[in-house]
Every structure is written in structure tokens, then in C-alpha cells.
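Chemist: One structure follows; several queries about it will come next.
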Amino acid sequence: MRYDACVIGAGADGLTAAVALARAGLKTIVIERNSQVGGRCSTREFHPGFRASPFCDELPSIPPPLYWSLGLAQRGVLFVPAPAMLVDRDGIAIRLSGDARRLLAEAAQLRQAALARAAAEAAKPPARRSFFSRPAPARPWPGEAWSERALSDLLGERVADSRAAALVSAVALCGRAADSSLAGSALNLLAPAMDGSGVPMGGLAALAAALEGAARGAGAEISCGLEVTDMRRNGGRIAGVGLADGTQIEARAVVSTLDMKRTFLSLFQWNELAPAVAKQAAGFRMGGGTARVLIALQSPPAQAPGPERFVYFVSGGQAESSAALSACQAGTIPEAPPAAVRLVSAGDPRLAPIGAATLTVTLGCIPFRLFDGAWTKEKRDVLQARALVAADAVMPGVGTRVLAAQVIAPPDFEDALGRSEGDLAGGDITPDQMFAMRPFVEPGGPPPPRTPVDGLYLAGPSSAAGPLGACVSGAVAATAVIADIGAGRLK
């Protein structure tokens, strides 16, 4: 069967793209390898009666216009705010200061301006170039000046209280392995792992269900349990995709929400890509560093330093953070990894049985590959112990209430989500991998989310818009497809 557009992946970005494409009257199909939609937007039972979102508790913010256009409020997706607090190893806590809030607000404004720029460029089909034409000089992106700034230096200048600055850094780098002293690390403020958007009631699966309903309601077809194994081309242009069961799907456009490496290095034969494209895909650096521990508690913990619905970032200071990063780079589990502790059932009691509680701990600076072999049960037990130490700094005695725990190590992210090296951000957040340089550097080439392969569009985490917000890269990719079909570029 022939479609106008095929979307690979039924996560938040893929479903958002499907909604926009189907609403534009394009015959659209979404292919998802897992048995259900959602990707990292899932909620599952990890112990009888205890539920949590396994891969993350919170996504970066969905821009308000997109939130309303998707009809998420009407479908019951309401976010519970989750303010942040920093807790040191001695249990002393601090909240954001006024100047810290102003810096985060500035970062949010730059992020929205960058997203508007990405959407505007996607809406304009590339002009045909003659042999003698030269590409126009690129305009700086909003926030691009931070590509030259170290996060630690920016915070030192803008946030007077060093502990409030440490909280901002913890929020920006949550679950990542990044050095805040390196030039360009300030970009993590523009592309944070979480930014206080909050958690939808029912967990992230509620967001996935709403997006699925919106996509089906718009007329998109969604097929789960099918895996795309190759791209079909005709005359150098995308003609569709091939599935693992041998099915061939014809499509004028393909939107991939897989990361850069998965899209180009696993779905194309080695000789199908131009050498420059293959080289860039192979050289695209993945970051990662995230592990999660889901904990079932027989009873709610003792009073935390602040309201239980807060996110508590546990850190022992710069020296401890540097040691954790060094351990990660050496392929070992840090003694004290940076951690974010969240009592998710405090905001949504449905996630635990009556009288019990569900706790999650997100650990950063956890290596994908260990220097001494695979992620064995013993090494997962070490992660669980590290997580409980962090949780005990926030809620003393919490370890005595544990009924069960599930550890999700970096390789589990890759296996479950198809994210290369377990990297939820889709690649290092660095100056040479952000804005127009994410993912391709091709002067005069098609602007993102278009790729050097005609008819192939990149959404998901490795796209230019991917790290800047939830659902946005799918919306931007759909905008480009609609514009190019309207201009007659895709036959």
C-alpha cells in the first residue's frame, strides 16, 4: 500500500508528526517495533501494585501552542508541577534563588525562540541552487552565544548563591555525563533533561495514550510490533521502507524518530550513502550516562526537607561531581553519582497501593560500557545501593521500607528504546552538535529537519529541535514534509 508519509517510531515525536501530517490530509502510517506506542512515554508495573515511568519521570516542556493544538488538555493530560530542591549528603536543602529563576526563565525564552526559528525554516522548501550560487551566510540561532560558555562560568556570573547555582546545574545535567567546566556546556540549559514541566497524572503513558488518540482521530494508521529494517530508494530518493517480516511500504516521505546513528547506519546499506554523509553519521557522538532505579516502598518515607512532590537533586559538590564524571569516563560506576530523587506517588497516588509509595531515582554519570565486562546482576545491585544512599540523604531511613526495586541500566535504554548507547538526548549537547549543526553540517544543504537523502526527514532526539522540547521535533518534521509536498518536491 502506498502512503504519503511513513513515520518510524510511535513515541511522542512520532505521534505528534502523525497528527500534523494526517490533519493536513496526507495518508500517514506510523510503524512502531514495540507492542504498544509511547517509547520512553510509558508507565508500567514493576512490582505488584507499584507503577512508574521506567525511562524518565518528566519530559522537557511541550510549548503551549503545540500542547493546545494537539488537544492534550481535552484528552486529560494535565501536568503536576514538580519544583526542584538541592540536598547535600548531610541532608541540608536549598531552593532556587531569584537570580537562578531569572536565568532559567531566560533559557526558556531562548529555547522558545530557537524552536520558532526551526519551525520557520522547516516551513520554507529549500530553493534550488545553481552551479554558481553561493549559500547565504547563516544567521546565529537564539542562544547560540552560549556555545562558547561553560555552564559553571555562566552560573558563577549570573547566580550569586553557589548552592543555588549547583541546583541549576543539577537540573540542566540531570541523568547526563557532562563536564560543566567545558566551553559550550551552557547549552545544556537550552536543552535540559528536565525543566520543571511536571508529570502528567497517570505517568507518561497518559501522554502517549492522548497522542495516540489524537493521531488515530486525525486519520493516521498506527502499526505496532513491526520493525523497520531498511530504507527503500528509487533514483536516489526515498521510496518507502522495508519491514523485518518482508513487507514493503511505499511512501513519498519518511520521518525517522530514531537517533542519528540508528537512522543512517542501520537502515541503509554501507554503499547507499554518500561518503560524507556516512562519515558524519559515524562521527556523531552519543552522550548518555543515565540509569534509573524504581523502588517500591511498603510505606511512605518520613518527611522530606520540602513538599514530597518536589524533585530532590542530591550532590556533594563540585569535587564529587568531577569524580563521578571521571569514573564514568573510565568505565566504572561512581561511588557517589549525581542523583534526582522523586516520590512519584506523592503527586499521583494511583502509582502505589494504598498506604505504600513509589520512589524513583535517576542517576547520572553511569557508563554505557563497563571496563570490566557486562552489566551483571552484581553491578546492577551496586547501582541500587548507590540510589538508596542518595534517597536516604533526602528521606532518612527510606532503605528500611524497600519491598522491591528494579534497576534500568544504560544498555536497557538501548534495548528497549533503540537509543544508541542508551542516550536519551540523541547525542552529546555540544557546540558542534547543536542547532543547524545537529545532525548534519552541509553548507548550502537542506535546512533541518531535512537530510541529504531526499524524502527523509529526521525527528526525534538527534534533530535540531529534538533537545529543545517534547513533541516539537515531530511537529517541525511534519511542517517540512507538508511544505515540500505542497511545493512539488516529493512526487
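The values are calculated or read from the model by the stated rules, or taken from the named source; none is laboratory data. For clarity, every value in this text was computed on a predicted model and none was experimentally measured. Here the Cβ positions follow ideal geometry from the backbone for every residue, glycine too, while neighbour counts run over all protein chains shown.
Chemist: Give just the number: which of (1) in a loop (DSSP other than H, G, I, E, B); (2) more than 30 Å from G373 (Cα to Cα) does V255 not satisfy?
Modeler: Against the list (1) in a loop (DSSP other than H, G, I, E, B); (2) more than 30 Å from G373 (Cα to Cα), V255 comes up short only on (1).
Chemist: Related question: Report, by residue number, each residue of the stretch 45-56 that is over 19 Å from the mean Cα position of the chain (by Cα) and either surrounded by fewer than 21 Cβ atoms within 10 Å (Cβ to Cβ) or in a loop (DSSP other than H, G, I, E, B) (or both).
Modeler: Result: E45, F46, H47, P48, G49.
Chemist: Mind listing whichever residues of the stretch 273-285 are over 18 Å from R450 (Cβ atoms) and assigned to a loop (DSSP other than H, G, I, E, B)?
Modeler: Passing the criteria: only R285.
Chemist: Output the number of the condition that G49 fails; it satisfies all remaining conditions of (1) farther than 15 Å from A206 by Cα; (2) in contact with a helix residue (DSSP H, G or I) (Cβ under 9 Å, 6 or more places away or on another chain); (3) in contact (Cβ under 8 Å) with a residue 24 or more places away in the chain.
Modeler: With (1) farther than 15 Å from A206 by Cα; (2) in contact with a helix residue (DSSP H, G or I) (Cβ under 9 Å, 6 or more places away or on another chain); (3) in contact (Cβ under 8 Å) with a residue 24 or more places away in the chain applied to G49, the lone miss is (2).
Chemist: Scan the stretch 371-397 residue by residue and report those that are farther than 20 Å from P54 by Cβ, in a helix (DSSP H, G or I) and aliphatic (A, V, I, L, M).
Modeler: Passing the criteria: V389, A393, V394.
Chemist: Do the conditions hold for L211, that is, is it closer than 24 Å to P337 by Cβ, touching a Gly at 6+ places or on another chain (Cβ under 9 Å) and not in a loop (DSSP other than H, G, I, E, B)?
Modeler: No, not satisfied.
Chemist: Only residues that are hydrophobic (A, V, I, L, M, F, W, C) and more than 21 Å from A324 (Cβ to Cβ): list them for the stretch 377-404, please.
Modeler: Within the stretch 377-404, M395, V398, V402, L403, A404 qualify.
Chemist: Which condition from (1) within 26 Å of the chain's Cα centre (by Cα); (2) more than 27 Å from P337 (Cβ to Cβ); (3) not in a helix (DSSP H, G or I) is the one that C174 breaks?
Modeler: Here C174 meets the rest and fails (2).
Chemist: Residues being of a type in the set (S, T, Y), in contact with a helix residue (DSSP H, G or I) (Cβ under 7 Å, 6 or more places away or on another chain) and more than 21 Å from L59 (Cβ to Cβ): count how many of those fall in the stretch 393-429.
Modeler: 0
Chemist: Among the residues of the stretch 423-437, how many are modelled with pLDDT of 90 or more and either outside any loop (DSSP other than H, G, I, E, B) or under 14 Å from A281 (Cβ atoms) (or both)?
Modeler: Total satisfying the criteria: 6.
Chemist: Checking T451 against (1) over 16 Å from the mean Cα position of the chain (by Cα); (2) within 18 Å of W141 (Cα to Cα); (3) crowded, with 16+ Cβ neighbours inside 10 Å: exactly one of these is not met. Which one?
Modeler: (2)
Chemist: Of G355, G288, G306, which residue is at pLDDT below 90, over 20 Å from P410 (Cα atoms) and part of a loop (DSSP other than H, G, I, E, B)?
Modeler: Sole residue among the options that is at pLDDT below 90, over 20 Å from P410 (Cα atoms) and part of a loop (DSSP other than H, G, I, E, B): G306.
Chemist: Kindly check whether there is at least one residue in the stretch 192-201 that is hydrophobic (A, V, I, L, M, F, W, C), part of a helix (DSSP H, G or I) and over 15 Å from the mean Cα position of the chain (by Cα).
Modeler: no
Chemist: Is at least one residue of the stretch 262-272 surrounded by fewer than 19 Cβ atoms within 10 Å (Cβ to Cβ), modelled with pLDDT of 95 or more and not small (G, A, S)?
Modeler: no
Chemist: Filter the stretch 57-112 down to the residues that are assigned to a helix (DSSP H, G or I), buried (at least 20 other Cβ atoms within 10 Å of the Cβ) and not hydrophobic (A, V, I, L, M, F, W, C) and list them by number.
Modeler: Selection gives R111 alone.
Chemist: Next up: If I go through the stretch 455-491 residue by residue, how many of them are of a type in the set (D, E, K, R) and part of a helix (DSSP H, G or I)?
Modeler: Within the stretch 455-491, residues that are of a type in the set (D, E, K, R) and part of a helix (DSSP H, G or I) number 1.
Chemist: Given V311, V341, which one is crowded, with 16+ Cβ neighbours inside 10 Å, in contact with a Lys or Arg (Cβ under 7 Å, 6 or more places away or on another chain) and either free of Cβ contacts under 8 Å to residues at least 12 places away in the same chain or closer than 23 Å to I94 by Cβ (or both)?
Modeler: V311
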